[in-house]
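For reference, the structure is listed below as structure tokens.
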Amino acid sequence: MSLPLSPSAPASPLPLDADRRALLQRLTDGADAPTLWWLSGYLAGLAGPLARGADVALAGDTALPGLPAALVPAVAEVDTLTIVYGSQTGNAKRAAEALLAEAGTRGLKARLLRADAYPLAELKRETQLVVVISTQGDGDPPDDARGFVDHLVGRRAPKLDGLSFAVLGLGDSSYAKFCEIGRVIDARLAALGGTRAAAFGEADVDVDTVAVPWRADVLRALEALRPASKSEAPVALGLRAALVENGPSATPSSAAATRDAPVAAELLANTRLTGRGSDRDTRHLEFAIDPTTLDYTPGEAAGVWPLQAPALVEAILDAAGLDGDTAVTQGADTLPLRRWLGERRELTRLHRPLLKAHAERSDSAKLAAALADASAATALLQTTPLLDLLAEHPAAWSATDLVAALRPLAPRLYSIASSREAVRDELHLTVGHEVFEGRDGLRYGAASHYLATLKEGDTARLFIERNERFRLPSDASRDVIMIGPGTGVAPFRGFVQQRAATGASGRNWLVFGNPHFRSDFLYQVEWQKALKAGQLHRLDLAFSRDGASKTYVQNRLAERGSELWAWLQEGAHLYVCGDATRMAKDVHATLMSIAQQHGGLDRDAAADYFTGLERTARYARDVY
């Protein structure tokens, strides 16, 4: 793409030196029209404060994704919409980015910040604030929002009498504390004196069903607050927004796969990692990739769009008494019912609205009683697949109503278990095949079963989910401590490969656990080779079912507490990956004990210490 002057422009040189012209050429080469419009608005937004002599500052180690570090206003102007998001798997981030984009098209000045990059001192000066935040596990905030939430609910939170706000919560209605963190923030902002611009939004796994109309309500309300005299030129105002991240982001090119536009990757290998006698089926999968569409950095995740097992689809059709060839129209799409179930709908996870609708149709006293008891309803949602619900509590569903009641199929995220420095044009995954007993046979997790049953030469639809918070230290001389039991070891395989391939001088310490040494030691040969080659400097193992008493990774950490504390004092980075509900909490509690026992800190000081490590990107968790 070239950038000629307008035919009517005077024949004077551009106000750029040769280096800047070359940078501008690189920046715009191949950009589509929306990107160019966005850039024009963004640059106009930067020019405004400079023209007025306003102070601008670099926002720490921040950068626009894919661009050099950009100047952003140190403090938002009074009529700027601030959007803060907290996201564990990327859904809240996407919803916040969509809000930012639409705010721009409506002529609203806006900025977007991840919660851990938000300057808490600015809260008292905000006039328009939107928070988009997910809830994890048992009512916990995402890792990147813990400090923001603690400040907001704490005694230091300021009065917010001049604030207009809105909150969108994301969650999974199969959990008891659905959207709990969003609900807490919404109530707290109101208690501090803020005025709701829109009602609290509760988005289930099918986020857009709630997020899209909620976004429209919020922006209409904020548009009404804008003084008529504040109108500006459409480009300068309409697309002016600062996107602020805590650290550089490897944003994909325009050709890169996305959640809405995945690409097919060919399976090269599907190997079972667990041995005979294991009650687990853990797989190692290798995909061939085109780096222009599926480039990645160790620590990121692959999004997988699964297909439902044909046998499950037929069993559900039979249980519901429906014909799979029946044409069903939803929105703009008309497909046979069989395709809706196989390609577009969740069949292995129940959600509360579906359970309620089925209880009413089946007139089941048992279901009604379960719905009236929060803990019973949660247990039912988390342990009963759709097929068993249909079989145990028959109800009359039409094909159209069933498709409308089921949640849209969502992609699953898997930590990438490789480094491109080591495996080149490949992407590796470590997948635990979810298998459990159902009413009359085995039941399977949708994506894990889909992946586990792929054959060499088959393809899967993939995209990359960026994770700026879970990255190796930029200083290769830093030590790293990696805690990853079970399939949580996946990203650390990529970390060790990357550090070995790039000649990183820092030490690598892995703590791994699983039930049995003989059958569940994932990547055993690789770790042993890495130890022998000096690429792995320490390996601690916890096989919980091999001894008289159960030993987990947190027990190994406690035993090695003195050494772990010494590594941290020398600047090591600490990583945890795996189960959020129990393991990550138990590990964190053990780390707190180590700081108190070996660091001489009291409980509050230990908590402050690890909060500091999080803020400086030295303590990162990828938990699910």
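What follows draws every value from the coordinates through simple rules; no lab data is involved. Just so we're clear, the structure is a prediction, and the values are computed from it rather than from any experiment. Neighbour counts are summed over all protein chains in view; Cβ atoms, including those assigned to glycine, are modelled from backbone coordinates with ideal geometry.
For the range 480-623, build the charge dipole from Cβ charges (+1 Lys, Arg; -1 Asp, Glu) around the Cα centre, then report which of Gly513, Ala606, Thr590 sits farthest towards its positive end.
So the residue furthest toward the plus end is Gly513.
For the residue pair Asp475 and Thr616, what label-to-label distance in nm results when each label sits 7 Å from Cα along the Cα-to-beta-carbon direction?
The two pseudo-label positions are separated by 0.8 nm.
For the range 310-405, just list the percent of Cα-Cα distances falling in each 5 Å bin from zero outward, please.
The percentages, shortest bin first, are 2, 14, 25, 25, 18, 10, 6, 1.
For Tyr296, Tyr414, what's the fewest-to-most ordering of other Cβ within 10 Å of each Cβ?
Least to most surrounded, the residues fall as Tyr296, Tyr414.
Starting from the Cα gyration tensor of the range 480-623, take the square roots of the eigenvalues, sort them a ≥ b ≥ c, and report rounded, prolate or oblate (rounded when a/c is under 1.5, otherwise prolate if a/b is larger than b/c, else oblate).
Judged from the Cα gyration tensor, the range 480-623 comes out oblate (a/c at least 1.5, b/c at or above a/b).
Largest first and in whole Å, give the semi-axes of the range 394-526's equivalent ellipsoid, each being the square root of 5 times a Cα gyration tensor eigenvalue.
36, 19, 14
Students often check this: by mean Cβ neighbours within 10 Å, which of 151-160, 120-129, 510-519 ranks highest, and how do the rest follow?
510-519, 120-129, 151-160
Sorting Asp440, Asp144, Asp546 on the 10 Å Cβ count, fewest up front, what's the list?
Listing Asp440, Asp144, Asp546 from fewest to most nearby Cβ atoms yields Asp440, Asp546, Asp144.
For Asp401, Asp161, what ranking results if the residue with the fewest other Cβ atoms within 10 Å of its Cβ goes first?
Asp161, Asp401
Round to a whole angstrom and tell me the spacing of the C-alpha centers of the range 278-343 and the range 459-479.
26
Each residue of the range 576-581 in turn: what ³J(HN,Hα) in whole Hz from Karplus with 6.51, -1.76, 1.60 and θ = phi - 60°, glycine and Pro shown as x?
Listing the rounded values in order: 10, 9, x, 4, 7, 5 Hz.
So, with +1 on the Cβ of K and R and -1 on the Cβ of D and E, and no other charges, what is the size of the charge dipole of the range 504-564 about its Cα centre, to the nearest 20 debye?
Dipole about the Cα centre, nearest 20: 80 debye.
R0 = 35 Å: FRET efficiency of Ala216 with Thr271, Cβ-based, nearest 0.05?
After rounding, the FRET efficiency stands at 0.15.
Compute the FRET efficiency between Thr453 and Thr383 as 1/(1 + (r/R0)^6), taking r as their Cβ-Cβ distance and R0 = 25 Å, and round to the nearest 0.05.
About 0.60, to the nearest 0.05.
Please identify which residues in the range 412-437 have an amide N closer than 20 Å to a label point set 7 Å out from the Cα of Ala501, following the Cα→Cβ vector.
414-431
Size of the dipole of the range 310-405 about the Cα centre, Lys and Arg at +1 and Asp and Glu at -1 on the beta carbon, nothing else charged, in debye to 20?
Taking the Cα centre of the range 310-405 as origin, the dipole is about 260 debye.
What distance in nm separates the two pseudo spin-label positions at Arg424 and Asp290, each 7 Å out from Cα along the beta-carbon direction?
Going by the 7 Å Cα→Cβ label model, 1.8 nm.
Is there a pair in Lys124/Lys356; Lys455/Lys532; Lys93/Lys585; Lys93/Lys455; Lys177/Lys455; Lys529/Lys550 whose C-alpha atoms are over 30 Å apart, and which pairs would that be?
Beyond 30 Å: Lys124/Lys356; Lys455/Lys532; Lys93/Lys455; Lys177/Lys455.
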